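Some notes on the structure that comes next.
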């Protein structure tokens, strides 16, 4: 599978996004916690530029014994890509919508080699 | 084989721009050849708060003008009734970023921003409404509502509608004061770009009371539609029981129009003003079949409760107009298709985006529907609004250029 060189490792700041054009498609390469993820920059909802939005952790209602609501918190281990048009949220790890896994961002494999970042297209 | 990327965008280096945010919408417009379809957006918004200093100068009453200039009109914070995290706490980025968008000194910022999103979506003409000012309906000081509505409408006509023919509006009516509503219709009914008048549906008022009849008669006589624009208020006694925006918005934006619709029908307004056209704005569509079924069922058992009605409530509703957004589209194609049939969508439904708000719909939400034909799509996207508002079907300059390029390349228009 052909690879496209994105950048040198570290060129994208932690938490940052680089959008690259491959043919007619725009692909967002996201760096989070020193790992890289790549998705097509089109939301399956209405076509928004999903990779240009915020990354937000899963919001959690904390429920105690007997169904008591204790409060809310963020689950930092489950980071989401949030489409900026409407707020559709997708797991950063696999690109699936947080409720409906049939809705997903098109994912690209990221290859780190020799201090450089590539995506397989 | 490896290929080095030659072009890339680094988001951290970019300043917010509507055209960039909506570039995928522009691709949809090109792919679907929207230059073959006249598109009217019957419900869109601007943030009049950004021009409030200009608007305040239009307030007649010097005391109120001084107060408005001192207080401003910005929305409150987390503890306020309006501090309702509509933007999903920053997730909808155009809310916080919008203020940073760079525009040329002329024309007016609102015109530039409107045209930027309209061109990307493929919209030719947009009916523009204010945003925070819709909440004037909940202002306990009715004289403030009247003073600001006159000022806003004057500013809007002078600054936007006179200058940009692609932007129209249905002007805000201070519905707590029927006499002031009549004066507004009188003063602005002939102004350029005014295609109707609008009541924010959160007005805590009875639309069937006698003082309103003069206003309805005036609109009917002028062939000007009356819109009920949905909203929500956390001050509503029942909605105060909600604690999350999804609940207050999901219920509030339908409930207020359901209430006005029920009162409008059972008091026989369609019989009293048979030529007055009403538009029910921004409640989505799912509530309409519910109201039709519920009211028809009860009416057939107690026709004496609504003696002015000569037909079933749903028969009157089928003659009204409805805007499409936010169209309920998740896993419910059959229900949506039945809804389209029940409301005579090919003649009564009006496309609306509600841009730039969080739950906006693109024209593709109508264009891509599998269960209506192309003529129905064209009607909903623009044809119905063209007839209703008596609009000239002029394509935007962007779409005209696209059409000309196609013609030059020998590709026929549809």
Dividing the mean separation of Cα pairs under 8 Å (6+ apart) by the residue count of chain B yields a relative contact order in percent of 19
Taking R0 as 60 Å, what FRET efficiency do you get between residue A:5 and residue B:272 from their Cβ-Cβ distance, rounded to the nearest 0.05?
0.25
Residue order, fewest to most beta carbons within 10 Å, for B:264, B:155:
B:155, B:264
Global form of segment B:331-414, assessed from the alpha-carbon gyration tensor, a/c cut-off 1.5
prolate
At what distance in nm do the modelled label points of residue B:60 and residue B:89 sit from each other, each positioned 7 Å from its Cα along Cα→Cβ?
4.6
Relative to the compact globular guide of 2.2 N^0.38 Å, what is the alpha carbon radius of gyration of the protein assembly as shown, as a ratio?
1.03
Gain in span if fully extended, residue B:243 to residue B:209, counting 0.36 nm per residue against the direct Cα distance
8.9 nm
Okay, helix-only estimate at 222 nm for chain B: each DSSP H run of n ≥ 4 adds -39500 (n - 2.57), divide by all residues, round to 500 deg cm²/dmol; what do you get?
-11500 deg cm²/dmol
For A:11-18, mean number of other protein chain Cβ atoms within 10 Å:
3
Within segment B:84-120, list the residues whose amide N lies under 20 Å from a label point set 7 Å along Cα→Cβ of residue B:7.
B:120
Sorting B:173, A:54 on the 10 Å Cβ count, fewest up front, what's the list?
A:54, B:173
Mind jotting down the distance between the C-alpha centroids of segment A:51-96 and segment B:151-225, whole Å?
43
Compute the label zone of residue A:45 within segment B:331-353: residues whose backbone N is under 19 Å from the point 7 Å along Cα-to-Cβ.
B:331-333, B:352-353
Given R₀ = 45 Å, FRET efficiency for residue A:98-residue B:15 by Cβ-Cβ distance, to 0.05?
0.90
So how do B:377, A:106, B:275 line up by other beta-carbon neighbours within 10 Å, fewest first?
B:275, A:106, B:377
What is the average number of partner chain Cβ atoms found within 10 Å of a Cβ in A:2-8?
3
Take peptide A:40-52, look around each residue's Cβ out to 10 angstrom, count Cβ atoms belonging to other protein chains, and average those counts.
4
For residue B:67 and residue B:298 in one chain, what is 0.36 nm times their gap in residues minus the Cα-Cα distance, to one decimal in nm?
78.2 nm
Residue separation times 0.36 nm, minus the C-alpha to C-alpha distance between residue B:235 and residue B:319: what's the value?
27.0 nm
Take residue B:31 and residue A:121, extend 7 Å from each Cα along the Cα→Cβ direction, and tell me the distance between the two endpoints in nm.
1.7
I want to check the label-to-label distance for residue B:344 and residue B:103. Put each point 7 Å from Cα in the C-beta direction and report it in nm to one decimal.
3.9
In percent, what relative contact order does chain A have, based on Cα pairs under 8 Å that are 6 or more apart in sequence?
27
Prolate/oblate/rounded call for segment B:42-408, Cα gyration tensor, a/c under 1.5 rounded
rounded
Of segment A:33-68, those with amide N under 13 Å from the point 7 Å along the Cα→Cβ vector of residue A:78 are A:57-63
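Laboratory data are not the source of any read-out in this text; all were calculated from the coordinates shown. As the structure is a prediction and not an experimental result, all values here were calculated from the model. All Cβ positions, glycine included, derive from the backbone under ideal geometry; neighbour counts span all protein chains shown.
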